[in-house]
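Written out below as structure tokens is the structure these notes cover.
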């Protein structure tokens, strides 16, 4: 097929008809190109350009410099902290559960059920998730009430409050861990039994096998998924808003308030915040894409 | 080996506890509306609320239209890339993944700025225009899932042979796409569609910032004003998500059956 195409190209190469045909082939992408330009690329460019413009439309770095305010920097820092923490814990816990499922000798039906449940839970984010956690760990939540009535123990006495950094982190894990399970289970399946046996027959301990065989193979997947989970938490708005209202200042919540009512009293500061958010998730995903490509080399 | 099995069960049990506890607690909480006894009062209140019906119907319709729009954009594109433009594949795939990279709130911010009342295309100026913008925003959000699903579906069929067969029988491009390719990837579209449905039905940020009366903002409003009804809504939302995932599984199973027959 490709030989024939090459032959054709050689005989008619450079003719106007050929050019027209090539063009019409690309025209097939026109609807898609139009749609994504209009509703994805240009809106994003609009924000990025706006971040470097002042009210008169002239080029400036003032907006980015303007991010250097205590409340914005604080929101930025809280957002990064919660994303790092829930991504790290999500990876760790997800890996443990996935390892228990694939390598721990648990029954196969349990594994299928868990994968299905993970598909549901990783999509069960947003407003309802916040409600679920309020009903569980909130002031009148089941866990709080049982601990209080049965064990005479108050969660608040150890400083736990659902509407706080810790509470939000606990809630985010509900979609972070399942996402990790979904991604890492196939990777663990790719770990051949022979590798373990080879290591054993050479006298390696379990620890040595983990350190010198399993982790070097898995680490691109782990780090890559970490980046994905990070971006996942960093862009989440609805869960945090429904859980904490606006009492916890996160980057996306601040942007939400800014879009609604220009709370920072400078429209272009909103562009700068949005730009900073794109920059952070883009870096996280760049890491993910790079490492993913490396991870896939191993799994072939 | 015994020890490994013990720790596996332990890790699994702790995980299962964390994941099932909020579901049980939410359900229990949603039954507490009547003092001293369990009842389904909270559900009755929600279901009888005209606002619930209106917002749910709005989001339901938005989800269906999003799926249709998404299908019309994704299927011809994925088909064309597979058939004639394999060199554009990585670019198109990258673009379809962008909505996972760019936070949704930034995309909607861009929409509001770009389609405001003083722009060339003042979509936010009218109710209908804002609805169109909302649908297009949702179609963007669903792009990663729809494209992946359809592309996987196309991989299992011989696109080139089917196209040539249809063309040699005198079918034009619309016939090829509508009557040959579309029915063959229908099951794949379904799995993308149910995921899209699950995402759109409770979506909050787009609907809130565009001021549309959707289910997501309604839930947030309920959360601020009622005690037990939000838990009932959470149980319903979980059931919907679960239902969508179950339908995806059924669709994939159906497609396996399809392959055996062919």
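The values are calculated or read from the model by the stated rules, or taken from the named source; none is laboratory data. Only a predicted model underlies this, so the values are computations on that prediction, with no experimental measurement involved. Cβ sites come from the backbone with ideal geometry, for glycine too, and all protein chains shown count toward neighbours.
Given the criterion away from chain A (no Cβ under 12 Å) and crowded, with 21+ Cβ neighbours inside 10 Å, identify the matching residue among B:151, B:158. Please lay out each step first, then the result.
Numbers: B:158 fails: crowded, with 21+ Cβ neighbours inside 10 Å.
The match here is B:151.
If the condition is being within 17 Å of residue A:101 (Cα to Cα) and out of contact with any helix residue (DSSP H, G or I) (no Cβ under 8 Å at 6 or more places or on another chain), then the range A:184-204 contributes A:186, A:192, A:193. Count of the range B:19-41 residues, restricted to those that are surrounded by 13 or more Cβ atoms within 10 Å (Cβ to Cβ), more than 8 Å from chain A (Cβ to nearest Cβ) and either touching a helix residue (DSSP H, G or I) at 6+ places or on another chain (Cβ under 6 Å) or over 15 Å from residue B:227 (Cα atoms) (or both), is 2.
The residues in the range B:52-102 that are within 27 Å of residue A:24 (Cβ to Cβ), under 20 Å from the mean Cα position of the chain (by Cα) and not in a helix (DSSP H, G or I) can be counted, and the count is 0.
If you check B:123, B:97, B:83, which single one turns out to be surrounded by 19 or more Cβ atoms within 10 Å (Cβ to Cβ) and modelled with pLDDT under 90? Before the answer, list the steps.
Details: B:97 fails: surrounded by 19 or more Cβ atoms within 10 Å (Cβ to Cβ); B:83 fails: surrounded by 19 or more Cβ atoms within 10 Å (Cβ to Cβ).
Checking each option against the conditions leaves just B:123.
Scanning the range B:193-240 for residues that are within 19 Å of residue B:146 (Cβ to Cβ) and outside any helix (DSSP H, G or I) yields B:202, B:203.
Does residue A:226 count as within 24 Å of residue A:68 (Cβ to Cβ), within 15 Å of the chain's Cα centre (by Cα), more than 10 Å from chain B (Cβ to nearest Cβ) and touching a residue at least 40 places away in the same chain (Cβ under 8 Å)? Walk me through how you get there before you give the answer.
Numbers: within 24 Å of residue A:68 (Cβ to Cβ): no; within 15 Å of the chain's Cα centre (by Cα): yes; more than 10 Å from chain B (Cβ to nearest Cβ): yes; touching a residue at least 40 places away in the same chain (Cβ under 8 Å): yes.
In short, no.
Looking only at residues that are assigned to a loop (DSSP other than H, G, I, E, B) and within 8 Å of another protein chain (Cβ to nearest Cβ) in the range A:229-248, which one is surrounded by the fewest Cβ atoms within 10 Å (Cβ to Cβ)? The selected residue is A:245.
Which one is farthest from residue B:68 (Cα to Cα) among residues in the range B:195-216 that are more than 9 Å from chain A (Cβ to nearest Cβ) and surrounded by fewer than 24 Cβ atoms within 10 Å (Cβ to Cβ)? The selected residue is B:211.
Criterion first (assigned to a helix (DSSP H, G or I), farther than 26 Å from residue A:125 by Cα and touching a helix residue (DSSP H, G or I) at 6+ places or on another chain (Cβ under 8 Å)) does residue A:213 satisfy it?
Working: assigned to a helix (DSSP H, G or I): yes; farther than 26 Å from residue A:125 by Cα: yes; touching a helix residue (DSSP H, G or I) at 6+ places or on another chain (Cβ under 8 Å): yes.
Judged against the criteria, residue A:213 is a match.
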